[in-house]
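Presented below is the structure to which this report refers.
The values are calculated or read from the model by the stated rules, or taken from the named source; none is laboratory data. Nothing here was measured: the structure is a model prediction, and the numbers come from that model. Ideal geometry is used to build each Cβ from the backbone, glycine not excepted, and the neighbour counts take in all protein chains shown.
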């Protein structure tokens, strides 16, 4: 898993006085009693769990990454997810102050599925069945073409076709980090599958965009919330599956079968033939994009290169 990846953006330290001030924008009567930095949660945004004098429950203060505006569509997204019976946090408030965009959310009980698994717990098939169903419900929202969503969840025109994404992401910096032999093999693989990329573009739907165990809160063996929706867009359903099964060894055998059964039960249709292979291929664009950042992040880049190489080898061996 990506436990040891470096953050793509540094955690932002915020004093209690400022946190209290932000909370008062949501409710002027609230008084801050305790703050816990959630520095291990997420790689981009800054999250704090906060307690107030308003009972025993807690809230999450999230300071959004500078320049990201995905938070603006969360209100509409969360309403849509509740209609689809996909568990999400309650969005209490969003605002801007001192050049920062921030949100206040209910705290999702439990901890992330990633944290559970790293502690040695193994999820039950019932949990994977539920997660497959939630993914299918998300993907049930159909669109005419891929695109970034506005605040009304409508895709905006102008997004390049998937086939072009690989060219954008496989730039000189990424080729250097991959090494030329692997970069050349990857280029051939991408070019040989242009019809595959075009076919995916013809079946656009709502996708979470970061569907990983780190973004699933679990409590008592049940999913309490699907978290972190800033990358949601009109995209390719198989992309979410590629992210979920990126580290395939974690969800093999009965766990994979349970997820697939949950997905197919909720969607009313079968996953595509060779969906695992297709999911790995589609995930290459995400891996390449993450490999292309300016910062030198050795743990992240080593893992990304290994994942890309494994996919290229697996596909070329078949």
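For residue 83, all conditions in the list (1) surrounded by 16 or more Cβ atoms within 10 Å (Cβ to Cβ); (2) out of contact with any strand residue (DSSP E or B) (no Cβ under 8 Å at 6 or more places or on another chain) hold save one; what is the number of the exception?
Looking at each condition in turn, residue 83 falls short on (1).
Among the residues of the stretch 116-126, how many are out of contact with any helix residue (DSSP H, G or I) (no Cβ under 8 Å at 6 or more places or on another chain) and either surrounded by 21 or more Cβ atoms within 10 Å (Cβ to Cβ) or farther than 26 Å from residue 266 by Cα (or both)?
Matching residues across the stretch 116-126 total 3.
Could you say which residue among 225, 234, 214 is assigned to a helix (DSSP H, G or I) and either at pLDDT 95 or above or touching a strand residue (DSSP E or B) at 6+ places or on another chain (Cβ under 6 Å) (or both)?
214 is the lone residue from the list that is assigned to a helix (DSSP H, G or I) and either at pLDDT 95 or above or touching a strand residue (DSSP E or B) at 6+ places or on another chain (Cβ under 6 Å) (or both).
Consider residue 250 carefully, then state whether it is modelled with pLDDT of 95 or more, in a helix (DSSP H, G or I), farther than 25 Å from residue 77 by Cα and in the same structural domain as residue 120 (by TED's automatic domain parsing).
no
Table: residues versus (1) in contact with a helix residue (DSSP H, G or I) (Cβ under 8 Å, 6 or more places away or on another chain); (2) surrounded by fewer than 20 Cβ atoms within 10 Å (Cβ to Cβ); (3) free of Cβ contacts under 8 Å to residues at least 60 places away in the same chain; (4) over 18 Å from residue 116 (Cβ atoms).
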| site | (1), (2), (3), (4) |
| --- | --- |
| 215 | no, no, no, no |
| 242 | yes, no, yes, yes |
| 252 | no, yes, yes, no |
| 257 | yes, yes, no, yes |
| 272 | yes, yes, yes, yes |
| 293 | no, yes, no, yes |
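Restricting attention to the stretch 31-51, which residues are buried (at least 17 other Cβ atoms within 10 Å of the Cβ) and touching a helix residue (DSSP H, G or I) at 6+ places or on another chain (Cβ under 7 Å)?
32, 48, 50
Suppose the filter is over 21 Å from residue 169 (Cβ atoms) and either crowded, with 18+ Cβ neighbours inside 10 Å or modelled with pLDDT under 95 (or both); does residue 262 pass it?
Here the answer is yes, as residue 262 does meet what is asked.
Would you say residue 127 is touching a strand residue (DSSP E or B) at 6+ places or on another chain (Cβ under 8 Å) and in the same structural domain as residue 241 (by TED's automatic domain parsing)?
yes
Suppose the filter is surrounded by fewer than 15 Cβ atoms within 10 Å (Cβ to Cβ), in a helix (DSSP H, G or I) and either assigned by TED's automatic domain parsing to the domain that holds residue 162 or more than 21 Å from the chain's Cα centre (by Cα) (or both); does residue 289 pass it?
When the stated conditions are applied, residue 289 does not pass them.
Provide a single number: the residues in the stretch 145-170 that are touching a strand residue (DSSP E or B) at 6+ places or on another chain (Cβ under 9 Å) and assigned to a helix (DSSP H, G or I).
Within the stretch 145-170, residues that are touching a strand residue (DSSP E or B) at 6+ places or on another chain (Cβ under 9 Å) and assigned to a helix (DSSP H, G or I) number 1.
Pull up the stretch 97-116, narrow it to residues that are more than 26 Å from residue 244 (Cα to Cα) and in a loop (DSSP other than H, G, I, E, B), then point me to the one that is modelled with the lowest pLDDT.
Selected residue: 98.
Of all residues in the stretch 1-59, count the ones that are part of a loop (DSSP other than H, G, I, E, B), under 26 Å from residue 211 (Cβ atoms) and either assigned by TED's automatic domain parsing to the domain that holds residue 245 or out of contact with any strand residue (DSSP E or B) (no Cβ under 6 Å at 6 or more places or on another chain) (or both).
12
Condition first: on the phi > 0 side of the Ramachandran plot, loosely packed, with under 15 Cβ neighbours inside 10 Å, within 23 Å of the chain's Cα centre (by Cα) and in the same structural domain as residue 261 (by TED's automatic domain parsing). Can you find one or more residues in the stretch 153-164 that meet it?
yes
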